[in-house]
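Please read the structure below before turning to the comments.
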Amino acid sequence: MDTTKSSSSSIAKIFAHVIQELLQKTTGKKFHISTTIMQIPSIKLSGDISSFVTYYGDYNGLMVLNFEGAAALEVVNSMLLGMGLGEEDLPKHFSSDEVRNNIGEFTNQVIGKIRSTIQLKYDVAAKANIPAVVPITVPLSITMATKGQSEMDCLRIIFTTENNNRFHMELAIEPMAWQPLLDGKGASSF
């Protein structure tokens, strides 16, 4: 078994479940995660709105959330309704500043929760930059300056909203095979 790929997939699952959990908590709606993690050659900013954030420290990578306009509008309006905003005050178009600002805030919450989840589970830490949110008209490849795409595991996971709108997360994760050094009681495992 290739432990490097399985470790990257394990980390990607943490990312996916945190996104699903935060979306469901902030909106009160169900979000489906695809049953497949796709290995892709590179990551891109695509769709109508993309947000991205790098994380660095004991582990390094880049997370991108790519939304089609309908998915971004549904997600943001569901969040705003969950916070008590009235229907009449909701954004009407995915290109509004309010949609981009809320996608950025959501991305910031996601990366914060992911970092704390990984730190609790694996006892490793990372910092993150402030997420950037950009409107997209043509897909753009994106890389980390410190690593080439060939040096990163690139993965994609698809999400579906209650209204059947889709968005996806793409990750560039440095290849890793994390093995426990200590058993559950704090003793060396070797």
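The one condition from (1) free of Cβ contacts under 8 Å to residues at least 12 places away in the same chain; (2) of a type outside the set (A, V, I, L, M); (3) on the phi < 0 side of the Ramachandran plot that ARG166 does not meet is (1).
Elements of the type strands (runs of 3 or more DSSP E) sitting completely within segment 13-124 and holding at least 2 residues that are small (Gly, Ala, Ser) and crowded, with 20+ Cβ neighbours inside 10 Å: these cover 49-57.
Filtering segment 20-42 for residues that are of a type in the set (Phe, Trp, Tyr) and under 12 Å from the mean Cα position of the chain (by Cα) leaves an empty set.
Listed by first and then second residue, the pairs with beta-carbon distance under 8 Å, at least 6 apart or on different chains, first residue in segment 134-155 and of a type in the set (Lys, Arg), second modelled with pLDDT of 90 or more, are LYS147/ASN60; LYS147/ALA172. Taking (1) part of a strand (DSSP E or B); (2) farther than 20 Å from ASN66 by Cα in turn, VAL133 satisfies each apart from (2).
The values are calculated or read from the model by the stated rules, or taken from the named source; none is laboratory data. This is a predicted model, so every value here is computed, not measured. Counting neighbours? That spans all protein chains shown, and the Cβs are built from the backbone with ideal geometry, glycine included.
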